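Each reported figure results from applying straightforward, stated rules to the coordinates on display, with no laboratory input. Since the structure is predicted, the reported quantities are computational estimates derived from the model, not experimental observations. Every residue, glycine as well, gets a Cβ built from its backbone with ideal geometry; the counts of neighbours run over all protein chains shown.
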Amino acid sequence: PRKVILDVDTGTDDAVAIMFAALHPEIDLLGVTTVRGNVDLAHTTDNTLRVLDHIDRGDIPVFPGLAGPIARDDLPGERNFGTDTADDPHGTTLPLPPASTAPQDTGAVEFLVESLRATTEPITLVPVGPLSNIATALNVNPALVDAVDEIVIMGGGDAVCNVTAAAEFNMWADPEAAQVALGAGFAHRTLVPLDATHRALVTRQTCTDLRALQTPAGTAAADVVERRIDAYRAVITGSDAAPVHDVVCTAHLVAPDLLTTRPRYVAVETTGTRTTGRTVVDNRPNSTRPANAHMAVDADANRLTDLLHRTFTRS
Ligand code: BDR
Ligand code: CA
């Protein structure tokens, strides 16, 4: 199985990504690091503990990380997801029972740095929240990139944005950290932007099918995805599906055919008056910039749905 560290700001789609990684037999989830993002650090950490305990994987350690962006006092502005209401604050606490487990005393940055220093085989990093923990770990030890076979980042948007007209939330919430992560020397950087996650929508029918599995994971996934679909429906009349961004990243780990990627040079705007947090993607065919990411331009909705069914029958 692939050794994986998941970095999350749990949130509803993070919860589905965590359950997928914790339950899939080809993934060895070494630990989950938490960061401030969708909600504050105390809640992203508590939600993460609830998810793991709910599927009886309270043995997977949870390491709290940064409570805010690395180079700013707070988020760059007010959150307003506009029509992408599926990413609106879905309430700070997930609809799951309180966890019987506690977070580790070790912090996220120490866990990341120490795991990557000591490992004897490659580890895959999967950040699906703001990149504050990843950037801080890189600043502590830039050589940690050598122990990482692939970093799979949920974030960015080219034609599709959410938190502002120009930016996607994870990149916007800590743009300096995002630039550090994209500029570090990871050998294989996979970027999963909104352009791809919005092409792999999960439907209400899938939620019904997942609930019918009668497993803790199937029921919890159905609950949080229906919450996202209801939020979408409130703004986009007739919509009966929603993107579940973060699980596209964990599904990619076990299904190389899920994503269609293109080599792209991607940079993050950190000083724009209206564009802070924007992933500036160089799509020019004659660009002289060396690509620094495999950027997903498509994701197969049927394949994702199939993977959810197969994985959530367990637990
Ligand atoms: C990203 O931001 C959060 O709303 C989701 O958890 C996802 O990681 C989408 O822009
Ligand atoms: Ca997230």
Positive dipole terminus of the chain, leading residue within Asn170, Pro69, Val268 (C-beta point charges): Val268
HN-Hα J in Hz across the range 165-182 - Karplus 6.51, -1.76, 1.60, θ = phi - 60°, x for Gly and Pro: 5, 10, 9, 9, 4, 4, 6, 5, 5, 8, x, 4, 5, 4, 5, 4, 5, 6
Positive-end residue of Leu112, Pro98, Gln205, charge dipole of the chain with Cβ unit charges: Gln205
In nm, spacing of pseudo-spin labels at Ala67 and Thr275 (7 Å Cα→C-beta vector): 3.5 nm
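Tell me, what is the percent relative contact order of the range 122-224, built from C-alpha pairs under 8 Å that lie six or more residues apart?
28 percent
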Amide H contacts under 5 Å for Asn292, placed H, 5+ residues apart: Arg264, Tyr265, Val266
Lys, Arg +1 and Asp, Glu -1 on Cβ, resulting dipole of the range 231-315 about Cα centre, debye, nearest 20: 200 debye
Of Thr279, Leu259, Val248, farthest towards positive along the dipole that unit charges on Lys, Arg, Asp, Glu beta carbons give the range 246-289: Thr279
Extension gain from Thr101 to Val160, taking 0.36 nm per residue of separation minus the Cα-Cα distance: 17.5 nm
Ser287-Val145 FRET efficiency (beta carbon distance; Förster radius 25 Å; 0.05 resolution): 0.55
Relative contact order (percent, whole number), the range 250-315, Cα cutoff 8 Å, 6+ residue spacing: 37 percent
Sum of side-chain charges, Ile27 neighbourhood, beta-carbon under 10 Å (Lys, Arg +1; Asp, Glu -1): 0
For Val297, residues with placed amide H under 5 Å, excluding near neighbours: Thr260, Thr261, Arg262
Contact order relative to length of the chain, as percent, for alpha carbon pairs under 8 angstrom and 6 or more apart: 21 percent
Debye, to nearest 20: dipole size of the chain, +1 on Lys, Arg Cβ, -1 on Asp, Glu Cβ: 560 debye
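For every helix of n ≥ 4 consecutive DSSP H residues, a contribution of -39,500 (n - 2.57) applies; sum these over the chain, divide by its total residues, and give [θ] at 222 nm rounded to the nearest 500 deg cm²/dmol.
The helix-only estimate for the chain comes to -11000 deg cm²/dmol at 222 nm.
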